Amino acid sequence: MVEVISEMKLLGRGGQGIVTAGELLARSATLAGLHAQSIPSFGAERRGGPSQSTVRISNHPILLRCNPSTYDVICIFDPTIWHFVDATRGLKEDSILIFNSRKKPLELDELLREGRYPSKLSIKNYRVYCLDATGMAMDVLGRPITNTTMMGAFSAATELVSMENVIQVIKANFGPQAEANIKVAEEAYLLIQMQMR
């Protein structure tokens, strides 16, 4: 039997680097000797349209070739996408939610529980982390592309991939932009670590 350590969903809008983030998080896991799989999913390919990537990480080869139906982790790359789609569907107990949001975790938790939006939490045990990934990306990169910021946050919140491996894949894939992307990923990592205390 294949032991899947984690199944996660990255959700946002086209142009935010979601597909790239899924691929690079999977590569980060393989650098640690794990098996990983990234599956992108999007409707009409256009900037601003809904975009999703799912990632599996396992101790053993992954033979599944379908999207997960349940998740241990969700990363919301866009501050408002969860207002329009049910981003929390399929979340398991003891899951981790990482939101690109200026809201505080407690404020976001209340909104997810009250049911004003399609994303409504029905599970009891979970952790919510928030960071203004868009603002951080604008400050460091000069563009609202949040993939490496959210990768740093993911590394801290889940500990499924090390920050060292995230840095390694950023260096290998971002060429002259690698240094700035590493900087914003490290800032996000530290910010989430502070929320975990």
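Points worth noting:
- Reach of K104 by Cα under 26 Å, taken over lysines that are not fewer than 8 positions away in the same chain: K9, K92, K120, K124, K183
- The heavy atoms of Y126 offer some 50 square angstrom of accessible surface to a 1.4 angstrom probe.
- Length added when fully stretched, R113-H83, from 0.36 nm per residue minus Cα-Cα: 9.5 nm
- Overall shape: oblate for the stretch 127-188, with the ratio a/c of the largest to smallest alpha carbon gyration tensor axis at 1.5 or above and b/c at least equal to a/b.
- Cα centroid separation - the stretch 123-152 against the stretch 41-116, whole Å: 13 Å
- Sites matching GluC sites (Glu not before Pro) across the stretch 112-197 that sit in DSSP coil, with at most 15 neighbouring C-beta atoms within 10 Å: E159
- With both residues required to sit in the chain, DSSP beta bridges show an antiparallel share near 55%.
- Accessible area (Å², 1.4 Å probe, nearest 10) - H35: 70 Å²
- The figure for D94 is an accessible area of roughly 110 square angstrom, using a 1.4 Å probe on the protein chains alone.
The values are calculated or read from the model by the stated rules, or taken from the named source; none is laboratory data. Computed from a prediction, not measured in an experiment: that's the story for all the values here. Cβ atoms come from the backbone with ideal geometry, glycine included; neighbour counts cover every protein chain shown. Only protein heavy atoms, including side chains, enter the accessible area calculation; ligands, DNA and RNA are left aside. Shrake-Rupley method; radii C 1.70, N 1.55, O 1.52, S 1.80 Å.
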